[in-house]
1. Under a Cβ-only charge scheme (Lys and Arg +1, Asp and Glu -1), can you give me the dipole magnitude of region 474-588 about the Cα centre, in debye to the nearest 20?
2. Residues of region 145-279: accessible area per residue at 1.4 Å, in Å²?
3. Taking amide H positions as placed 1.01 Å from N in the peptide plane, with prolines and chain starts having none, which residues 5 or more places from ILE676, or on another chain, fall under 5 Å of its amide H?
4. Hey, what do the phi angles of region 640-654 turn into as Karplus ³J(HN,Hα) couplings, whole Hz, using 6.51/-1.76/1.60 and θ = phi - 60°, x for Gly and Pro?
5. For TRP585 and THR356, what is the calculated FRET efficiency with R₀ set at 25 Å and r taken between the beta-carbons, to the nearest 0.05?
6. Please work out the C-alpha center-to-center distance from region 174-224 to region 509-562 and express it in whole Å.
7. Residue by residue through region 115-126, what is 3J(HN,Hα) from phi via Karplus (6.51 cos²θ - 1.76 cosθ + 1.60, θ = phi - 60°)? Round to whole Hz and write x for glycine and proline.
8. Pick out, in residue order, every one of the GluC sites (Glu not before Pro) in region 469-571 that is DSSP loop and has at most 13 other C-beta atoms within 10 Å; say none if there are none.
Amino acid sequence: MRTWTRYFLVFLVSLAFQRSGPGQNPDDEMTYRLYDGITLYVWDERGVGFDVKLALRDLNLYGNGPREVLYKIYDPEGRPVVREIIPDDGVVSEAYLPPLGGWDHELQYYILCYSRGLTPMIRWSAYSDPRRRAAVASRTFARSMPGGKPGIYRIVLAGERDHVATVELNPKLPHGVCGHHTFLHGHGDQWRKSFLYVPKGTVGLHLAFAEPDEPRSRRFTLSAADGRTLYDGSADGGFVTAGATFKPGELDGQLLRMEVSPGLNDFLMKVTMQRAGGDYVGLGSEALFVSDEGTARGLHGGAIERGEEVFWHPFQVRLHEWLEAHALDEALGKEIRDLAGLMRFIGPSDGRGCKTWTNWAYAFGYYGCKMWRPAWLLMKRADVPEDLKAILREGLLVGGDRLSFAVGIERVNGNAFAQIPVALWYCHQATGDAIQKERFETFFERWRTEGWGKGSGISRSGDSQEHFAHSANYGWYILENWSGGIWVKPGILDDTDDPRFRAIFDRARNLFSYLSCPEAPANPWSSRTQHGVHPNWQSGGQGSSWKGDPGPDFTVSVNGGNEWFAARRKSYYVLTFHGRLPPEWLCNTFHGQIGFGGGAICQLTVPGKGTVLASTQNGDYGKEMHLGNWRNFHLHSLVGEMWDGQPLVAAVSEHADARLEGETVTSSGEVRGRPIRVERKFQFGPEAISCEVRLDATSYAPLLTLWSGERLLSHVREAYEMLPFLPGKVTWEGPGGQGGGGLGSEAVEVQAVIVDRGKCGVRIELDRPRRALVGSKDTVWIEVVSPGSKPVPAKAVSLGYRLMPYSTN
């Protein structure tokens, strides 16, 4: 009975799809949503020529700024007949609000909603409805391929997930399609049955499928030519990955059969043909989906096979043949052969092909394909033959054009994303090409100003952002790489006097002169690992030293960003953080909270003596930093429990109103996930720092209680001000200087707490006598709401105290 019911339901879904689904639109078969690009292989076997009509639509949801489209058509010799940058349609206002990088972030949002019993605001598949799509303005671009050149043409489109392209070929010619380095999008009956050619040298498969919308009904089946099932399953939970390995040559030249069951939901597919060799990201090529066996065999999966060699572009064949035919000086020959090997990485997507997941900032613009500077150097040399330079230039135009559109998954990891403008600089200098120069200028300016998305590129404080926020360890890489260090020698600053690179570098270096702390990784704000600023931050420049060293007094908003504030006096250096944190949905995909702020004291150092207070994280990527573990934190924060037992960590807040007036910093913000607002105030005096913290009900309370009326909402049943210290002796003094002794894990009433580290220390004077204790991780807890108390309103929670640093001879 269950089996019959299942098939009957599948029949009903199929019937509904036939009646109202997008598959009934004649344009649907060749309508492609870019994730983030596609390549069409068009087989003009007789060289009759054909026309291409491209209808381009922009949904203008995710881009939040101008987003162009790369449009190229290569002839069978690999020369671009069409090479255009289609401008944005002019709609550039912000629509999608959360910070967004690649497909993973988009899917994580949908799955997070479903996992919490929520329904996403918009159905992910909605935009494939032909009627909805028809309501979006379309721009048409008609191009003609003259006859006389039989063979395989390649149409490359790359852009944003907002872009929907409908391609019409006249006459209709056999063709195949591959997605680029992330996914191939599907809708309706698209990819219902496809044949995938296995190029020579394939040794395995990497598979991934996604169906974000519920209820899910798609099933994905991949079979070998002998009928063996390589994969058969659905995207349970919205997303699934799998793989297969086989012996070299086992499936060479065979056709795999890919089937996608009927359904109403859109989906994503990734099939990578894995190859042996390569570096740490391996080698692979995107599978070519073809609707019939004959065409699939004729297109060879996009591969150009010459004996035992496999190429993806005619320029690679020409380069290989040139090297085979010419004898070169040993040193020069090695340089050119090394570069040729890197250029062989460029696959069907015009970018680096990898074994599994691919972030081109790493794999193509940086660590995984260091071809850009060597190519620039070779193109300048007089002893490199001009005909060889012409072939190298072809490869740079292929790869450089495509890399300039790598702004999806790439923009979340700033250490590598910062190398794309570097690669594009070398590339356009090497080719002398006007389009590539314009792409470099556009990329650099958007990267510098968050034009590629909120939380991407350079922050308002001057660092290269990671996880849409800040990272002490990875944020430092831009200094290392640009000045020539461990991974890149020499750096871009050695090769150009373009003042823009130097300005970015110097501003980042100045930022890290405030953030560094030699004794501890005092970076509670760090959005990836717990590691501190690398000691090498001082390389590559002059005149910048750690601000924690003795020097003239100052009180500043660091780099004018109003995220970090710093003050130095003879007796202290203090740094507080009030700025951007990684988005909550991203933290939800790791071990715990990554990054804390809310006006936290990052470090309190006595210049020339040592650090006394330092906020540090327990582990990388949120390890041991789940909010439920707050009692074992080593942070400056107001901590405790809400009225219902939920953990309260006020440092999980962003203070957009942070400002410096004279010697006083004030800031406030909503505590994430709690109906609480926190306010901080610091007054930097000649010898002491006056600190205030207070809570209040969330500013959203009027709406949250609109129909419920007054109720327990922003109430707290336990609260402490947590102050993290480096190992030392902790003592206390009672009211009027009476009593005192060593402070331990049992709370006692105190007027002051002293943390002494031998050469230096700090006296913490409270606004009134309060109970205090030492927590489990070298933290002083000042009691604000006593445990076991009746829950109190947030506005009743406040504390004032003075930090009085000192040094001893």
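The values are calculated or read from the model by the stated rules, or taken from the named source; none is laboratory data. None of the values given here were measured: they were computed from a predicted structure. Here the Cβ is made from the backbone with ideal geometry for all residues, glycine too, and neighbour counts use every protein chain on show. Keep in mind that these areas ignore ligands, DNA and RNA; they rest on the heavy atoms of the full protein, side chains included. Shrake-Rupley method; radii C 1.70, N 1.55, O 1.52, S 1.80 Å.
1. 280 debye
2. 33 Å²
3. VAL671, THR698
4. For region 640-654, the Karplus curve yields x, 9, 6, 4, 9, x, 5, x, 10, 10, 5, 5, 8, 7, 10 Hz.
5. Plugging the Cβ-Cβ distance into 1/(1 + (r/R0)^6) gives 0.60.
6. 48 Å
7. Listing the rounded values in order: 5, 9, x, 9, 10, x, 4, 10, 5, 4, 8, 4 Hz.
8. Passing sites in region 469-571 do not exist.
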